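Chemist: Could you have a look at this structure, given as structure tokens, before my questions?
Read-outs throughout are calculated quantities, based only on the coordinates presented, and are distinct from any laboratory measurement. The model shown is predicted, which means the values in this text are computed figures rather than measured ones. Positions of Cβ are generated from backbone atoms using ideal geometry, with glycine treated the same way; all protein chains shown enter the neighbour counts.
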Amino acid sequence: MRLSGTVYSEVLGMDTGISIVTPNNLKEMKDYSVVYLLHGLCGGSKTWLDYSMLPVYAAEGNSVYILPDAARSFYNDMKYGFRYFTYLTEELPEICKNVFHISSAREKTAVMGGSMGGYGALKCALSKPEQYGMCGAFSSGCLFLKEGLEEFQKGDLDPMYKEHFGEQLIRDFLAIFGENLEWRPESELLDLVRGLKESRIRPKLYMTCGTEDYFYESHIRFWEELKKEGMEFEREEWKAKHDFIYFDQALKKAIEKFGL
């Protein structure tokens, strides 16, 4: 089953886009795993449907896929905008559990995404490990958010960002973090990792990046930092660029690794 439409969010105060993808054998199972699959910066709630083989992967699986819309928020509660993190992690799960037969157990709950969605997936899983047992992050942006904000504050926007994401990117960050681009520790992935040092509950992390991706070097550095912090994770890299040929491969691998 594939459904696309809108759902009214009280947190956002508006209708917002959503797509749902389910297995074909809906009569045979009642306690499905759930995967929150997050789009990238230029995408929306139908992007994974339009550009990947997700419906094929889901057809014979045992998971319901929830594809929300989060605009260009980087899955944050924005200073001048909408509270997308609260919507995604608090309101949307309640809505979906009330409508579909999906499990509420963290062991059957995954969050995944690519690029901006990869950052969002990591942010969700590391902020709420009691809620998300699995996390798949593909070519994630903002692995070192504080450094990026400092570059923006100096006006040193990397030409690569302009080329691939346009001038709108700085306006996105101004809306999220305010006119002074104020850094928040709750949005810094390594700070979230450090906050889990004393916790017994940690999500299973699976991260990938293409070796020809412009985020590859930051991934190598991030993976080394995770090792230093004692954070267990699985990584994969192969020859690929930052595109949906790669994202589709990464999604398939994550589904198989997590048994979804």
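Chemist: So for the stretch 11-96: antiparallel DSSP bridges make up what percent, rounded to the nearest 5?
Modeler: Working: 5 of 9 bridges.
About 55 percent, rounded to the nearest 5.
Chemist: Sum up the charges of everything whose Cβ sits under 12 Å from the Cβ of Arg184, counting Lys and Arg as +1 and Asp and Glu as -1, but leave Arg184 out.
Modeler: Details: positive: Lys79, Lys123, Lys146; negative: Asp77, Glu182, Glu186, Glu188, Asp191.
Net charge around Arg184: -2.
Chemist: 222 nm [θ] for the chain, helices only, -39500 (n - 2.57) per DSSP H run of 4+, per residue, to 500?
Modeler: One gets -10000 deg cm²/dmol as the mean residue ellipticity at 222 nm.
Chemist: Excluding residues on the same chain fewer than 8 positions from Lys27, give the aspartates and glutamates whose Cα lies under 20 Å from its Cα.
Modeler: Glu60
Chemist: Please state, as a whole number in µm²/s, the translational diffusion coefficient that the Stokes-Einstein equation yields for the stretch 1-155 at 10 °C and 1.306 mPa s, with Rh defined as the Kirkwood radius across alpha carbon pairs. Don't jump to the answer; show the numbers that get you there.
Modeler: Working: Rh = 15.8 Å.
D, rounded to a whole number, is 100 µm²/s.
Chemist: Taking only Cα atoms and a 10 Å spring cutoff, compute GNM fluctuations for the chain and point out the largest among Ala137, Ala105, Ala58.
Modeler: Largest GNM mean-square fluctuation: Ala105.
Chemist: With each pseudo-label sitting 7 Å past Cα toward Cβ, what's the Lys146-Glu182 distance in nm, one decimal?
Modeler: Label at Lys146, label at Glu182, 1.7 nm between them.
Chemist: Here is a further query. Provide the net charge surrounding Ser19, with neighbours chosen by a C-beta distance below 13 Å and charges set as Lys +1, Arg +1, Asp -1, Glu -1. Write out the running numbers ahead of the final one.
Modeler: Working: positive: Arg2, Lys46; negative: Asp50, Asp69.
Net charge around Ser19: 0.
Chemist: Between beta-carbons, use under 11 Å as the cut-off and find the net charge around Asp213, counting Lys and Arg +1, Asp and Glu -1. Don't skip to the answer; put the middle values down first.
Modeler: Values: positive: Lys239, Lys241; negative: Glu212, Glu217, Glu237, Asp243.
Result for the neighbourhood of Asp213: -2.
Chemist: Normalising by the residue count of the chain, find the relative contact order in percent from Cα pairs under 8 Å and 6+ residues apart. Kindly include the intermediate steps, with their values, before the conclusion.
Modeler: Details: 484 pairs, mean separation 46.0, N = 260.
RCO, the chain: 18 percent.
Chemist: Here's another thing I want to ask about it. Taking the Cα centre of the chain as the origin and placing charges on Cβ (Lys, Arg +1; Asp, Glu -1), which of Ile201, Gln168, Ser127 is farthest toward the positive end of the dipole?
Modeler: Ile201
Chemist: Under 10 Å, Cα contacts only: if you run a Gaussian network model on the chain, which one of Met231, Met116, Met134 comes out with the highest mean-square fluctuation?
Modeler: Highest fluctuation of the listed residues: Met231.
Chemist: Considering the values (i) 75, 50, 39; (ii) 48, 45, 37; (iii) 57, 39, 38, which represents Cα extents along the principal axes in Å as calculated for the structure under consideration?
Modeler: Structure-derived value, by its label: (iii).
Chemist: Right, next: Under 26 Å between alpha carbons, and skipping anything fewer than 8 positions from Lys197 in its own chain: which lysines qualify?
Modeler: Cα-Cα hits under 26 Å: Lys108, Lys123, Lys128, Lys146, Lys227, Lys228, Lys257.
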